[in-house]
Protein chains: 2
Amino acid sequence: MRSNLAMSEKTVPLATGLDVRRAARSGALDAPTSGLAPGYVQGNLAILPHDYAEDFLRFCQANPKPCPLIGVSEKGNPAIPALGPDLDIRTDIPRYRVWRDGKLVEEPRDIKSVWRDDLVSFVLGCSFSFEEALLQADVPLRHIALGDGVPMYRTSIQTQRAGRFHGPVVVSMRPLKPADAIRAVQITGRLPSVHGAPIHLGYPEQIGITDLAKPDYGSPLPLEPGELPVFWACGVTPQAAIAAAKLPFAITHAPGYMLVTDLKNAQLAV
Amino acid sequence: MRSNLAMSEKTVPLATGLDVRRAARSGALDAPTSGLAPGYVQGNLAILPHDYAEDFLRFCQANPKPCPLIGVSEKGNPAIPALGPDLDIRTDIPRYRVWRDGKLVEEPRDIKSVWRDDLVSFVLGCSFSFEEALLQADVPLRHIALGDGVPMYRTSIQTQRAGRFHGPVVVSMRPLKPADAIRAVQITGRLPSVHGAPIHLGYPEQIGITDLAKPDYGSPLPLEPGELPVFWACGVTPQAAIAAAKLPFAITHAPGYMLVTDLKNAQLAV
């Protein structure tokens, strides 16, 4: 995904969250957002009918590592002022996914035609923020160097159920040398709103991962000698929980096409 | 060492650093200090002639993880007001070691008879403080449960030399389950004045440890299935550097007989 960065920056200078949202809104931007607006927090989107909103809020509250909520809208209101004063959730993401009865039905550029007055929007922190913090601290991330995605795995750890929402915790894996793994725990531990510290490292089988070469999502990333596999709770967890709940209607971002907010990554550290 | 706690507490209620120092000063206390004055910072002691003090200060500055300085005296002055207003370094530790030309010559109860006007005292943070923080967070420490010491190893990592002072970084090892190892990195990372985050975990051979069953100091502590060995920089590092420097004269605490200060462990977190 990051290979799009150079091209996007050449054609449109997208330096801030507002730049990216305006480019998505106007239709000028139709690309993944990785690498755009460096320093700005990007988020996962889930839009649900109000009937399910309370359960989903409780699900996120009970499972903060995979589901770190950074913004919630009022019912029927497409604004989320805490993430950007002018933000319009119906237009400000370059590509969406619309789900009916748990099935993907379309991938539109905006959701004005399917918007309803009973929808509630949820924005969750994502790993782009902590990866930026790791790279700034010279912790090497091989999947980025390779221009690849991270491998992700369904684990034997169960989320805490809330209403219809339940399922396994999904983790992303990054291979790190031991000293880098320690630094990574310290750095990401200060960022609880974007998944926080890893939930496991070293022994995949302890969390139900039998073969690192066969991720459930993404591409495999073999360990090099002397590296440890380090596992972070992943934003695919709530996506999988929403899909499994087979809601009559839901909207999410398309993978890699995130909401870019006005928050700065540097503001997130606790 | 912790098995002395109950007995010591029964005979003398040593609730504060001041209580412990007064009991050492009067001669009432002749026991290791582990478990005494819970919540108070205990420190390693090194007393060197002024001729070597500047090099040793530079050594500690350059190697803060094994040598976290928490107090330094003026030349010839037995007080260290920052660690306790009434502190007298010549009497306030229950047992000392006196070294001449690198050799241990006596283990006195006080050092008034060998005190000199050119001596400088250095107090370094110790692992008791971070172990207390780990136990408070329910991270289990088996060596404490067993009433044993930690195993310690000379590593292939070299300290940064300063004058006469040099040598390998010595580490202590604690076996932890992966999720506890992650918590331990987060908790001890906030305590840089008492060794801070681990410097390694998972692969002993990467830091020159060929056999965990044969520690260079302390007793072995076998890993249980699914545990990772977690390594912290250890206060034996400066002690070994001082011994190797073969100074004409030096004084240290006797192992386990620490200086108990007026600082609280809870004040250390950054």
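Rule-based calculations on the coordinates, nothing more; no lab input. Only a predicted model underlies this, so the values are computations on that prediction, with no experimental measurement involved. Because the Cβ atoms are built from the backbone with ideal geometry, glycine has one as well, and the counts that use them run over all protein chains shown.
What the table below lists for this structure:
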read-out	value
Copies compared at B:Lys75 - label distances in nm, ascending, label defined 7 Å from Cα in the Cβ direction	7.8
Kirkwood Rh (inverse of mean 1/r, distinct Cα pairs), the protein assembly as shown, angstrom	26.0
Amide hydrogen neighbours beyond the local backbone of A:Gly149, cut-off 5 Å, H modeled	A:Ser219
Compactness of the range A:133-238 - radius of gyration and Dmax, Cα, Å	13.6, 44
Across chain B: Cys residues that no other cysteine approaches within a C-beta distance under 4.7 Å	B:Cys126, B:Cys234
For chain B, calculated [θ]222 nm from helices alone, where every DSSP H run of n ≥ 4 adds -39500 (n - 2.57)	-7000 deg cm²/dmol
Nm distances between copies for B:Asp118, ranked from closest, using label points 7 Å along Cα→Cβ	8.8
Residues B:Leu191, A:Leu104, sorted so that the one with the fewest Cβ neighbours within 10 Å comes first	A:Leu104, B:Leu191
Cα→Cβ-extended label distance, 7 Å offset, between A:Glu106 and B:Val105, nm	9.2
Environment charge at A:Ala28 (Cβ cut-off 12 Å; Lys +1, Arg +1, Asp -1, Glu -1)	+2
Pairwise centroid distance, computed over Cα atoms, of the range A:175-231 with the range B:130-146, Å	25
Calculated from backbone phi, Karplus (6.51, -1.76, 1.60) coupling profile of the range B:91-105 in Hz, x at Gly/Pro	9, 8, 10, x, 7, 10, 10, 10, 10, 10, 6, x, 10, 5, 10
Residues whose placed amide H lies under 5 Å from that of B:Phe249, excluding near-sequence neighbours	B:Asp101
Nearest-20 debye value, chain B charge dipole, Cβ charges on Lys, Arg, Asp, Glu	180
Counted charge near B:Asp101, where neighbours are those whose Cβ lies closer than 15 Å (Asp, Glu -1; Lys, Arg +1)	+3
Simple label model, 7 Å out from Cα along Cβ direction - B:Ala15 to A:Ala82, nm	4.4
Counted charge near B:Phe59, where neighbours are those whose Cβ lies closer than 11 Å (Asp, Glu -1; Lys, Arg +1)	+1
Highest-fluctuation residue, A:Gly147, A:Gly35, A:Gly256 considered, GNM on chain A with Cα pairs under 10 Å	A:Gly147
Gaussian network model of chain B, springs between alpha carbon atoms under 10 Å - residue of B:Gly189, B:Gly167, B:Gly218 with greatest fluctuation	B:Gly218
Distance violations [Cα-Cα > 28 Å] among B:Lys75/B:Lys103; A:Lys177/B:Lys103; A:Lys177/B:Lys264; A:Lys103/A:Lys264	A:Lys177/B:Lys103; A:Lys177/B:Lys264; A:Lys103/A:Lys264
Eligible aspartates and glutamates near B:Lys112 by straight Cα distance, threshold 15 Å, same-chain separation 8 or greater	B:Asp88, B:Asp92
